[in-house]
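Visitor: Take this structure, written in structure tokens, and hold onto it; I'll ask about it next.
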Amino acid sequence: MTRRRKPTTSGVRVGAGRARVAASILDADLGNLANAIRRVEAAGADRVHLDVMDGHFVPNLTFGAKMIKALRSRTGLPFDAHLMISDPGRYIDEFLEAGCDSITFHVEIDGPKEPVLRAIRAGGRAAGLAIRPGTPVDAVRPYARLIDIITIMTVEPGFGGQEFMADVLREKAPQARDVLSYRMFGGEVHVDGGVNRETAELVGALGSDVLVVGSALFLRGRDMGREVRLIRALADEGVQYALNDGKPPQPSGKIVGFASLPRRFAEELRTELEAVGVPVIMLRGDGQINPDGVRDYELMIPATVEDAAIERFGPLRERLGADADRWREELLREQATHTDRSPAP
Ligand code: DX5
Ligand code: ZN
């Protein structure tokens with residue numbers, strides 16, 4: 001697939017908080033979507049949320065894969081597709097082809113869900129399941145290991161501009177988090193419907209990762225950029241007070257050093273971290289030079305998983321550190337004997 005990605009400032013936004021805003025263009029001027037996408041990007045939204053409706057799963061029609069494909073080249077922002085259609089499997093290749101970065105469909109559809117989720121994953125994209133307000137979170141549990149995203153609908157899907165259902169989110173947010181908890185990194189809870197400056201703090205306080213915001217961004221006379229910043233800041237404030245003991249949330253883009261080890265020890269630790277979904281950057285750092293003349297490697301991980309990684313892999317890190325010390329000593333001993341044995345000049 002060819003994809004022209006414009007450089008964007010949103011890829012690396014160190015310093016921004018934890019919450020991400022996905023702008024739904026459902027309530028934009030549909031006659032000028034390219035302009036809506038441009039505005040959303042200029043406003044600093046983190047992603048574009050695309051609501052696909054088939055007039056069957058929901059009583060409304062919007063657009064399809066062809067339209068998404070046409071918009072793809074207009075922005076470098078990730079595309080989150082939200083398919084409110086009865087038969088996503090039938091069109092899944094088209095949505096992959098269109099360049100969606102994540103594809104979420106509804107758990108309430110009649111057909112089999114597993115092959116569709118597998119197809120999305122096989123396409124290298126994030127796979128998600130959305131749940132209507134009346135559907136229990138337990139409905140997605142059987143698919144836990146096949147999904148990257150759970151979208152909690154806080155309105156009945158079909159239309160923008162409806163009222164936020166706070167009780168639905170209060171009940172479901174912790175359950176959704178629990179479904180995704182088998183992985184240390186990468187699972188996302190999205191909240192879709194009625195998110196605005198009035199409701200963002202609660203959404204953040206309940207630990208949501210992505211706030212889908214539609215009509216609130218397209219209100220006449222409001223500055224879209226300010227709205228995005230306000231909603232993100234309010235959500236982060238919610239995180240700070242409700243989940244994070246008053247500490248500011250870790251910026252999603254921040255990475256920290258986790259260990260500095262000789263190569264083969266670093267590789268062992270990296271394998272363990274990656275096995276639980278933690279993305280690791282392994283760098284030839286400026287660490288100490290070992291007796292074999294090679295520097296230690298640095299393992300970098302997202303700051304958001306640092307505490308969990310220390311809890312889970314702290315002991316392994318210590319053991320590998322001790323092993324590395326022994327290995328260094330041994331090498332030095334060998335080198336010393338080698339020098340001893342070498343003939344005198
Ligand atoms: C509703 C859609 C939402 C909608 C959100 O079916 O899934 O993404 O655009 O719009 P607001 O933010 O206005 O509720
Ligand atoms: Zn949506």
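Visitor: For the chain, build the charge dipole from Cβ charges (+1 Lys, Arg; -1 Asp, Glu) around the Cα centre, then report which of Ser73, Ile92, Ala166 sits farthest towards its positive end.
Guide: Ser73
Visitor: Something else about it: Tell me, what is the percent relative contact order of the chain, built from C-alpha pairs under 8 Å that lie six or more residues apart?
Guide: 15 percent
Visitor: Quick check: net charge around Ala275, other residues with Cβ under 14 Å of its Cβ, Lys/Arg +1 and Asp/Glu -1?
Guide: 0
Visitor: Per DSSP H run of at least 4 residues, take -39500 (n - 2.57); add these up for the chain, divide by its residues and hand me the 222 nm value, nearest 500 deg cm²/dmol.
Guide: Calculated from helices alone, the mean residue ellipticity at 222 nm is -11500 deg cm²/dmol.
Visitor: Would you mind estimating how fast the range 80-138 diffuses translationally, via Stokes-Einstein at 37 °C and 0.692 mPa s with the Kirkwood radius over Cα pairs, in µm²/s?
Guide: 286 µm²/s
Visitor: Rounded to a whole number of µm²/s, how large is the Stokes-Einstein D of the range 157-274 at 25 °C and 0.890 mPa s, given Rh as the Kirkwood radius over C-alpha pairs?
Guide: 150 µm²/s
Visitor: Separate question: Considering only DSSP beta bridges whose two residues both sit in the range 19-126, what percent are antiparallel, to the nearest 5?
Guide: Of those bridges, close to 5 percent are antiparallel.
Visitor: Within the range 177-252, which GluC sites (Glu not before Pro) sit in a loop by DSSP and count at most 15 neighbouring Cβ atoms inside 10 Å?
Guide: Passing sites in the range 177-252 are Glu198.
Visitor: On to the next question. Out of the range 197-277, which trypsin sites (Lys or Arg not before Pro) are coil in DSSP terms and have no more than 12 other C-beta atoms within 10 Å?
Guide: Answer in residue order: Arg220.
Visitor: Now, a different point. Once phi is turned into ³J(HN,Hα) by the Karplus curve 6.51 cos²θ - 1.76 cosθ + 1.60 with θ = phi - 60°, what whole-Hz value does each residue of the range 261-274 show in order, with x for glycine and proline?
Guide: Using θ = phi - 60°, the values come out as 9, x, 2, 5, 6, 5, 5, 5, 5, 4, 4, 5, 5, 5 Hz.
Visitor: Please report the net charge: other residues with Cβ closer than 15 Å to the Cβ of Pro59, K and R +1, D and E -1.
Guide: -3
Visitor: Going Cα to Cα from Lys113, which lysines come in below 30 Å? Please leave out same-chain ones fewer than 8 positions away.
Guide: Correct list for Lys113: Lys66, Lys69, Lys172.
Visitor: Looking at the chain, send over the antiparallel percent of its DSSP beta bridges, to the nearest 5.
Guide: 25 percent
Visitor: Shifting gears a bit: Using alpha carbons only, how many degrees (0 to 90, rounded to 10) separate the axis of helix 33-42 from the longest principal axis of the chain?
Guide: For 33-42 against the chain, the angle is about 40 degrees.
Visitor: Same structure, new question: For the range 166-240, calculate the relative contact order in percent as a whole number, restricting contacts to Cα pairs under 8 Å that are 6 or more residues apart.
Guide: 33 percent.
Visitor: Find which of Leu273, Val189, Gln250 sits farthest along the positive direction of the dipole of the range 160-300, computed with +1 on the beta-carbon of Lys and Arg, -1 on that of Asp and Glu, about the Cα centre.
Guide: Gln250
Visitor: Grab the other residues whose beta carbon is less than 12 angstrom from that of Arg295, score K and R as +1, D and E as -1, and report the net.
Guide: Taking every Cβ under 12 Å from that of Arg295, the sum is -2.
Visitor: Compute the distance from the alpha-carbon center of the range 208-282 to that of the range 88-111, in whole Å.
Guide: Comparing the Cα centres of the range 208-282 and the range 88-111, I get a distance of 26 Å.
Read the figures in this text as sums done on the coordinates, not as results from a lab. Computed from a predicted model, the values in this text were never measured in an experiment. Methodologically, a virtual Cβ is constructed for each residue, glycine included, from the backbone with ideal geometry; neighbour enumeration extends over all protein chains shown.
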